1. Considering each of 29, 51, 87, 63 in turn, give the residue that is in a loop (DSSP other than H, G, I, E, B) and either in contact with a strand residue (DSSP E or B) (Cβ under 9 Å, 6 or more places away or on another chain) or at pLDDT 90 or above (or both).
2. Six or more apart or on different chains, Cβ atoms under 9 Å: show the pairs whose first residue is in the stretch 49-72 and free of Cβ contacts under 8 Å to residues at least 40 places away in the same chain and over 20 Å from residue 109 (Cα atoms) and whose second is surrounded by fewer than 17 Cβ atoms within 10 Å (Cβ to Cβ) and polar (S, T, N, Q).
3. Please work out if residue 45 is modelled with pLDDT of 90 or more, in contact with a strand residue (DSSP E or B) (Cβ under 7 Å, 6 or more places away or on another chain) and either surrounded by 11 or more Cβ atoms within 10 Å (Cβ to Cβ) or of a type outside the set (A, V, I, L, M) (or both).
4. Residue 158: touching a residue at least 60 places away in the same chain (Cβ under 8 Å), part of a strand (DSSP E or B) and of a type in the set (A, V, I, L, M, F, W, C), yes or no?
5. On the basis of being in contact (Cβ under 8 Å) with a residue 24 or more places away in the chain, more than 19 Å from residue 39 (Cα to Cα) and surrounded by fewer than 22 Cβ atoms within 10 Å (Cβ to Cβ), does residue 119 make the cut?
6. Does at least one position in the stretch 129-141 carry a residue that is closer than 18 Å to residue 164 by Cβ, in a loop (DSSP other than H, G, I, E, B) and out of contact with any Leu (no Cβ under 9 Å at 6 or more places or on another chain)?
7. With respect to residue 168, is the statement that it is among the polar types (S, T, N, Q), more than 22 Å from residue 64 (Cβ to Cβ) and either in a strand (DSSP E or B) or touching a helix residue (DSSP H, G or I) at 6+ places or on another chain (Cβ under 9 Å) (or both) true?
8. Can you name the number of the only condition in (1) out of contact with any His (no Cβ under 9 Å at 6 or more places or on another chain); (2) under 23 Å from residue 148 (Cα atoms); (3) not in a loop (DSSP other than H, G, I, E, B) that residue 56 fails?
Amino acid sequence: MDALCVLPVEVESWLRNWAFDTCGRPAVPGPVAAMIEEMRELYGGLDLNAPDMPAAGAADLGPPGGTFLVGYRDGQAVCGGGIKRLPDGACEIKRMYVVPAARGQGVARVLLRALEDAARGLGYRIARLDTGPRQPHARGLYESEGYVAIGNFNSNPVATFFGEKRLSG
């Protein structure tokens, strides 16, 4: 795999600019827009921003309790994901996405580990995440990285795997 550089970004600006170009037109397609569309297609019209879905906006993924990371390869954004604080003091990994052209190359594993490192840096000792039934590759990754099944911690009506991992120092 070519070098992947994973960096924190200012989340509100990034989420806005990742989906749209500088003129406000939809990018071709931007990774966030692509992720939203892919989830919509996978899950029959799912709206990730619907009121019954767990929140993952700029306020959730930004400081002081969160962060958003973007991975670049050869100057192109190829992956991203965020961390948000949960009410019990654990964190949740949200909006993890790898563009299709970068899949199957270990990018998701690098991103997940970078998100875990960022969570440790923010003082979290427990990370949680979820995924749906039509993403078995994601569940396989999470389980291979030490996430164990737990109950539905975030009331996500679509997810079927809820995982938790203790983050060691």
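The values are calculated or read from the model by the stated rules, or taken from the named source; none is laboratory data. Remember, predicted model here, so these are calculated numbers, not experimental data. All Cβ positions, even for glycine, are placed from backbone atoms using ideal geometry, and neighbour counts span all protein chains on display.
1. Of the residues listed, the single one that is in a loop (DSSP other than H, G, I, E, B) and either in contact with a strand residue (DSSP E or B) (Cβ under 9 Å, 6 or more places away or on another chain) or at pLDDT 90 or above (or both) is 87.
2. Once the first residue is free of Cβ contacts under 8 Å to residues at least 40 places away in the same chain and over 20 Å from residue 109 (Cα atoms) and sits in the stretch 49-72, its partners that are surrounded by fewer than 17 Cβ atoms within 10 Å (Cβ to Cβ) and polar (S, T, N, Q) give 55/49; 56/49.
3. no
4. Working: touching a residue at least 60 places away in the same chain (Cβ under 8 Å): yes; part of a strand (DSSP E or B): no; of a type in the set (A, V, I, L, M, F, W, C): yes.
Judged against the criteria, residue 158 is not a match.
5. Values: in contact (Cβ under 8 Å) with a residue 24 or more places away in the chain: yes; more than 19 Å from residue 39 (Cα to Cα): yes; surrounded by fewer than 22 Cβ atoms within 10 Å (Cβ to Cβ): no.
No; evaluated as a whole, the condition is false for this residue.
6. So in the stretch 129-141, the residues closer than 18 Å to residue 164 by Cβ come out as 129-132, 135, 138-141.
Now restrict to residues that are in a loop (DSSP other than H, G, I, E, B): 132, 135.
Now narrow it down to the ones that are out of contact with any Leu (no Cβ under 9 Å at 6 or more places or on another chain): none.
Taking every residue of the stretch 129-141 in turn, none turns out to be closer than 18 Å to residue 164 by Cβ, in a loop (DSSP other than H, G, I, E, B) and out of contact with any Leu (no Cβ under 9 Å at 6 or more places or on another chain).
7. Criteria met by residue 168.
8. Against the list (1) out of contact with any His (no Cβ under 9 Å at 6 or more places or on another chain); (2) under 23 Å from residue 148 (Cα atoms); (3) not in a loop (DSSP other than H, G, I, E, B), residue 56 comes up short only on (3).
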